[in-house]
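Trainee: The structure under discussion is supplied below as structure tokens; questions concerning it will follow.
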Amino acid sequence: MQSTARKSFSRSILLPRCPTGIQGLDEITGGGLPLGRPTLVCGSAGCGKTLLAAEFLVRGAVQFDEPGVFMAFEETEAEINANVASLGFNLAGLVRQKKVMVDYVHVERTEVQGTGEYDLEGLFVRLNHAIDAIGAKRVVLDTLEVLFATLPNEAILRSELQRLFRWLKKKGVTAVITAERGRENLTRHGLEEYVSDCVILLDHRVNDQIATRHLRVVKYRGALHGTNEFPFLIGEKGLSVLPITSLGLHHNVTNERIGTGIPRLDAMLGGRGFFRGSSILLTGTAGTGKTIISSNFSSAAAKRGERVLFFSFEESPNQIVRNMHSIGLRLEPLVRRGLLRFHSARPSLCGLEMHLATMFKEIAAFQPDVVIVDPITSLMELGTVSEGKGMVTRLIDYLKAGHITSLFTSLTQGGHALNQSEGGMSSLMDAWMLLQDFEGNGERNRVFYVLKARGMGHSNQIREFLISDHGIDIVDAYIGPSGVLTGSARAAQEALENAAVLTGQQEAARLKREVERKRTAIERQISGLRSEYEAEAEELRHIAEQVGISTLKLTTERAASGLRRQADAKTAAGTLRKSRSARKRQ
Amino acid sequence: MKARSAPAPRTPKPAQDPDRFVLRLYVAGATVRSRAAILRVRQLCATELQGNCDLEVIDIFQQPTLARRHQIVATPTLVVEFPRPMRRFIGNLMTTADLVFQLDLETRRRLTT
């Protein structure tokens, strides 16, 4: 009961915020710094206090139309202009537009002598005048503590500073006060006692030779805020805080599928490739063809007209283009058409956060549909395991929010491809492909399989992965009684089978020829017999004809001779007729 | 000795007399502290400097831009423009021993008398 009452109470008096416009800082603080109140930013030298303050002011003037006063105690206006210009801010221009006013407060210690009680009205008047002159809503005091070194009588100074903070509150400006980090306290002179609304601590740590800046909101009165330490960096466009833990899983998904550029692989993934916007991990030991698959994937996407951003942490762009040429993959036309863009950098160039920020910047600038990171493992080695995982999480979330398909390759050392920290990373991935070496028969062969593919049916088969002059081939590995055979063993087994088939075919052909020959022989025999028979029949007919003719002749001749002899002519003629009809009857 | 309040301070004119003091007192409003400081500095001019000085009292409430131009942080501030080097004395001038020492007034007085 009580807790709910308190909760609703705290919500009802939720402090109004003043957005800083600094990437990530507003996320952590739930909208910005407390509006109309002073905020203390402390940290040791070189932490970026002044830059944070300056960016707060500049972004206020540019993005939120809130003019600001920069009261500098350490640097002159020209110096501040130059420093801030390195982050792409045109402070001098804003000063000309009367959106920012810079007041350099300088007190030379050697010139100053104390002669009794004093107050800081000079400072108040200057500040007041500056605020009123441009209608400032924001004020930066950098670094107030200089006064401790120059002005006499610390007791007076303290009470005056206290009065200053009260006055700032009353004035209703959102103030950022920077202070040096003290040895035991947050600040060297205990300013945190007076500025109690919001305290931000900056820190610069070197871990394993790699320096990382951290930001922590120590205190934020009357508001919920992220209490973690967040890495932040100073990039070309100002500060960016990387709140890994403040990202959520809220991205939309699509059912669209995209091909991988390797038809056989598409077939293994239900025939249609990966989901658009999914994150894909490709794990393999050295030299198994991770970059080749990545290049194929990018080339296929670019040929569809999609934009591909290829982060390479091992090879230079030219080297990749040349190497892919050797397998018949031409990337340079795609690069020329602006569809494929390489970004190469050595992992050790800078820290993890800087890499991440660079990648974000590149992605935001190029607006790709597909992002390749080759290999992600060399980046992850830069930090601790949890930092690396945090980075990948953030990158994936960022890409997924933009529906960008991502392919990460992961190099594993020796042995089995699975025994590395990929176990941790893989849980972030939607699909996981594995490339592996099989050694045997005095050779090394690549095999390939899909370990997981969320949301789609996929083949569970191990395939042999071949790289030739004309690209990638995924072929069925031979699976027989002696296990999975690859490479020359598979070729030998296949040759063996081919030979067996060939022998069978030859045998069948021989049998067929034999039968054919037999058939022709029989037919020939039959036709011989038939012709013999026909010859005999012909002869018989011939003989019969001969007999008939000779009979007729005989009769005719007999009749003729009878006529010649003039005897019994009629009888003779009758006989002739008789003999003719007799022949007909025959 | 005349204390001009308000409009003045252009660039301080180098005094004809190189030993002549040019003083500026910056105060913030007509507070007790301001008044005490003005009183003290006038006294100083009359006694220690024997009138050999130009004093200018500036109220930064009325001329806030001057506070910026002349790097005034605390009030009251007494700026000794001439003779060089320029020096600043912060406070209500209740303890002037330092000031007298700094400006080397004792020796000057001894020399002049």
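Trainee: (1) more than 44 Å from the chain's Cα centre (by Cα); (2) more than 14 Å from chain B (Cβ to nearest Cβ); (3) touching a residue at least 24 places away in the same chain (Cβ under 8 Å): which one isn't true of A:VAL84, the others all being true?
Mentor: The single condition A:VAL84 does not satisfy is (1).
Trainee: Return a yes/no flag: does region A:163-180 have any residue that is crowded, with 19+ Cβ neighbours inside 10 Å and either within 14 Å of chain B (Cβ to nearest Cβ) or at positive phi (or both).
Mentor: yes
Trainee: Quick one: which of A:GLU160, A:GLU111, A:GLU121, A:GLU180 is in contact with an Asp or Glu (Cβ under 8 Å, 6 or more places away or on another chain) and within 16 Å of B:ILE72 (Cβ to Cβ)?
Mentor: Result of the check over A:GLU160, A:GLU111, A:GLU121, A:GLU180: A:GLU160.
Trainee: Hey, another quick one. Starting from residues that are closer than 18 Å to A:ILE363 by Cβ, in a loop (DSSP other than H, G, I, E, B) and not small (Gly, Ala, Ser), keep the ones in region A:397-428 and report whichever is modelled with the highest pLDDT. Show your work before the answer.
Mentor: Restricting attention to region A:397-428, the residues satisfying the condition of being closer than 18 Å to A:ILE363 by Cβ are A:397-409, A:428.
So of that shortlist, the ones also in a loop (DSSP other than H, G, I, E, B) come out as A:402-404, A:428.
Next cut, not small (Gly, Ala, Ser) only: A:403-404, A:428.
Details: A:HIS403: 84, A:ILE404: 89, A:LEU428: 79.
Among them, the one singled out is A:ILE404.
Trainee: Among (1) under 26 Å from the mean Cα position of the chain (by Cα); (2) at pLDDT 80 or above, there is one condition A:ARG216 misses while meeting the rest; what is its number?
Mentor: (1)
Trainee: Does region A:459-507 hold any residues that are touching a residue at least 60 places away in the same chain (Cβ under 8 Å) and out of contact with any Lys or Arg (no Cβ under 8 Å at 6 or more places or on another chain), and which are they?
Mentor: A:SER459, A:GLN461, A:SER468, A:ASP469, A:HIS470, A:GLY471, A:ILE472
Trainee: If the requirement is being closer than 16 Å to A:PHE448 by Cβ and out of contact with any Lys or Arg (no Cβ under 8 Å at 6 or more places or on another chain), which of these qualifies: A:SER348, A:SER326, A:SER316, A:SER295?
Mentor: A:SER295
Trainee: Pairs needed: first member in region A:533-557, on the phi < 0 side of the Ramachandran plot; second member anywhere, of a type in the set (Val, Ile, Thr) and part of a helix (DSSP H, G or I); C-beta distance under 8 Å; at least 6 residues apart or different chains.
Mentor: Close Cβ pairs satisfying both conditions: A:THR555/A:THR575.
Trainee: Something else about it: Return only the number of the condition from (1) more than 17 Å from A:GLU111 (Cα to Cα); (2) buried (at least 16 other Cβ atoms within 10 Å of the Cβ); (3) at pLDDT below 85 that B:PHE21 does not satisfy.
Mentor: Result: B:PHE21 passes all but (1).
Trainee: I want to confirm something. Restricting to region A:87-104 and keeping residues that are assigned to a helix (DSSP H, G or I) and hydrophobic (A, V, I, L, M, F, W, C), which single residue is nearest to the chain's Cα centre (by Cα)?
Mentor: Ranking the qualifying residues of region A:87-104, first place goes to A:LEU91.
Trainee: Among the residues of region A:104-127, what is the count of those that are in contact (Cβ under 8 Å) with a residue 12 or more places away in the chain and more than 7 Å from every other protein chain (Cβ to nearest Cβ)?
Mentor: Going through region A:104-127 one residue at a time, the tally reaches 5.
Trainee: Related question: Conditions first: (1) outside any helix (DSSP H, G or I); (2) among the β-branched types (Val, Ile, Thr); (3) modelled with pLDDT of 85 or more. B:THR11 passes all but one, so which condition is the exception?
Mentor: (3)
Trainee: Can you pull out every residue in region A:63-86 that is outside any loop (DSSP other than H, G, I, E, B) and surrounded by 18 or more Cβ atoms within 10 Å (Cβ to Cβ)?
Mentor: The answer is A:GLY68, A:VAL69, A:PHE70, A:MET71, A:ALA72, A:ILE80, A:ASN81, A:VAL84.
Trainee: Moving on. Restricting to region A:128-147, name every residue that is surrounded by fewer than 17 Cβ atoms within 10 Å (Cβ to Cβ) and either more than 10 Å from chain B (Cβ to nearest Cβ) or more than 53 Å from the chain's Cα centre (by Cα) (or both).
Mentor: First, the residues of region A:128-147 that are surrounded by fewer than 17 Cβ atoms within 10 Å (Cβ to Cβ): A:132-133, A:135.
Correct list: A:GLY135 only.
Trainee: Can you tell which of B:THR95, B:THR47, B:THR31 is over 12 Å from the mean Cα position of the chain (by Cα), among the β-branched types (Val, Ile, Thr) and more than 10 Å from chain A (Cβ to nearest Cβ)?
Mentor: The unique qualifying residue is B:THR47.
Residue-by-condition table, conditions (1) surrounded by fewer than 22 Cβ atoms within 10 Å (Cβ to Cβ); (2) farther than 22 Å from A:LEU164 by Cβ; (3) facing another protein chain (nearest Cβ under 7 Å); (4) among the aliphatic types (A, V, I, L, M):
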site: B:ALA36; (1), (2), (3), (4): yes, yes, no, yes
site: B:ARG42; (1), (2), (3), (4): yes, yes, no, no
site: B:PHE61; (1), (2), (3), (4): yes, no, yes, no
site: B:THR75; (1), (2), (3), (4): no, no, yes, no
site: B:MET86; (1), (2), (3), (4): yes, yes, yes, yes
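Trainee: Related question: Can you name the number of the only condition in (1) touching a residue at least 60 places away in the same chain (Cβ under 8 Å); (2) touching a strand residue (DSSP E or B) at 6+ places or on another chain (Cβ under 7 Å); (3) of a type in the set (Gly, Ala, Ser) that A:ALA133 fails?
Mentor: It fails just one condition, (1).
The values are calculated or read from the model by the stated rules, or taken from the named source; none is laboratory data. Values in this document were obtained by computation on a predicted structure and should not be read as measured data. Virtual Cβ from ideal backbone geometry, glycine too; neighbours counted across all protein chains shown.
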